[in-house]
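The structure appears below as structure tokens.
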Ligand SMILES: Cc1cc2nc3c(=O)[nH]c(=O)nc-3n(C[C@H](O)[C@H](O)[C@H](O)COP(=O)(O)OP(=O)(O)OC[C@H]3O[C@@H](n4cnc5c(N)ncnc54)[C@H](O)[C@@H]3O)c2cc1C
């Protein structure tokens with residue numbers, strides 16, 4: 001392993017960190033979420049002895065969608081609370097996918113709740129929906145606040161839609177998401193003041209409040225207090241910035257007590273470099289070498305406004321790193337043999353894994369796809385790790401559009417690694433390459449549970 005002290009690369013002892021938090025399996029989390037949803041439905045069930053007439057059916061549907069929306073929003077926020085057990089067990093990219101999918105359902109539930117309640121009340125009161133809407137909004141301040149919350153959530157949902165998101169800067173989209181917290185706060189009180197499932201049910205109110213308070217505390221703790229505490233404890237600073245390849249730099253960051261972070265190869269941190277131009281943004285970058293007790297290294301490709309500026313970082317610049325995050329680690333492994341398959345800058349987490357995954361000769365192999373030899377990153381490092389492992393790196397060159405001669409086709413991959421289906425595959429590369437390679441691996445009969453991939457896009 002390479003470790004850096006005051007800018008000089010030295011060899012250090014290999015670390016096998018044990019994570020501070022036990023990862024939770026995705027299936028366990030889904031089970032907890034669905035059990036919670038069933039408990040939420042039981043609130044309505046217990047409170048509703050019978051339903052008769054269109055008005056009651058509509059109002060009942062409105063109450064159920066409202067309960068589910070109130071529950072779903074708090075689960076969505078919890079998924080993004082950066083809870084270490086979730087981040088390590090599920091992985092940040094899968095959490096983000098769950099959050100995005102759940103967000104679409106939650107916004108639909110919120111809209112359905114509003115419309116069904118208005119319609120149901122209008123039918124029961126024998127009036128029209130416009131009159132009923134104005135009565136609800138003007139007579140009940142909590143409902144007015146909840147309506148504003150609903151509109152905020154709808155707005156966040158719209159900017160998160162694929163087409164709108166593509167037109168927005170990442171940071172704009174990200175900071176607009178903070179309106180979700182405002183929406184949650186604005187909508188909270190109407191649940192107790194007008195929600196008939198809560199009005200006469202003190203235990204339900206207490207449990208519901210606890211759910212919101214616990215998630216609020218988790219957000220405060222893991223998103224704000226822990227990063228600040230880590231910043232003071234580890235006092236990270238840039239030690240070295242050097243060119244790694246075309247448009248790619250490596251940054252070595254040094255600090256104190258880094259072993260306490262228990263960072264594993266394959267994981268990433270959100271890095272905030274404290275300079276005039278970049279203190280306000282934290283970008284995710286994977287460790288490109290195993291973390292040492294006093295140094296970590298990341299390798300960054302110039303892909304946009306922020307990553308482009310990093311080559312100008314000066315030694316001594318303070319750094320705040322939030323993490324480690326990610327489930328793309330040795331813990332995901334299910335088989336003795338492993339293939340690390342990377343392309344482009346996606347090689348970064350694989351470079352670290354190549355060094356640390358335990359395995360004898362022939363057990364840990366690597367395929368590295370790049371357009372041309374000059375694009376290869378860590379060439380000398382990879383070759384020397386391969387030598388030590390008694391293997392060699394399979395470099396595959398060529399432009400992306402290869403037609404039938406795609407070197408990552410099922411046939412080529414099987415020809416290169418005949419025991420492919422018996423291996424765990426760790427895959428990291430551009431989104432298009434990742435998707436097509438997963439298909440190729442499936443065609444080559446690699447079971448889905450043996451394919452582990454990290455996405456560089458949330
Ligand atoms: C888990 C993970 C690990 C990564 N590891 C590496 C790595 O080792 N090396 C490397 O070069 N790149 C890595 N990336 C990608 C890197 O984070 C983005 O390329 C970088 O943040 C681009 O920022 P920008 O401002 O330069 O570009 P922009 O033009 O602002 O953004 C380009 C795209 O990068 C993504 N992005 C931007 N900012 C963020 C952010 N704060 N959080 C999440 N995504 C963001 C968005 O998808 C955005 O559309 C990783 C990404 C993820 C999610």
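The values are calculated or read from the model by the stated rules, or taken from the named source; none is laboratory data. Computed from a prediction, not measured in an experiment: that's the story for all the values here. Neighbour counts run over all protein chains shown; Cβ positions are idealised from the backbone, glycine included.
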Hits in segment 92-102 - residues which are over 16 Å from residue 222 (Cβ atoms) and within 13 Å of the ligand (Cβ to nearest atom)
93, 94, 97, 100
Restricting to segment 164-174, and then to whatever is over 17 Å from residue 107 (Cα atoms) and in a helix (DSSP H, G or I), can you tell me which residue is nearest to the ligand (Cβ to nearest atom)?
170
Could you check segment 238-249 and list, in sequence order, the residues that are surrounded by fewer than 18 Cβ atoms within 10 Å (Cβ to Cβ) and more than 14 Å from the ligand (Cβ to nearest atom)?
242
Every residue from segment 252-272 that is near the ligand (Cβ under 10 Å from one of its atoms) and in a strand (DSSP E or B):
268, 269, 270, 271, 272
Please find, among 281, 299, 275, the residue that is over 24 Å from residue 378 (Cα atoms), near the ligand (Cβ under 10 Å from one of its atoms) and in the same structural domain as residue 314 (by TED's automatic domain parsing).
281
Residue count for segment 330-355, restricted to those that are within 12 Å of the ligand (Cβ to nearest atom) and either more than 18 Å from the chain's Cα centre (by Cα) or outside the structural domain of residue 408 (by TED's automatic domain parsing) (or both)
7
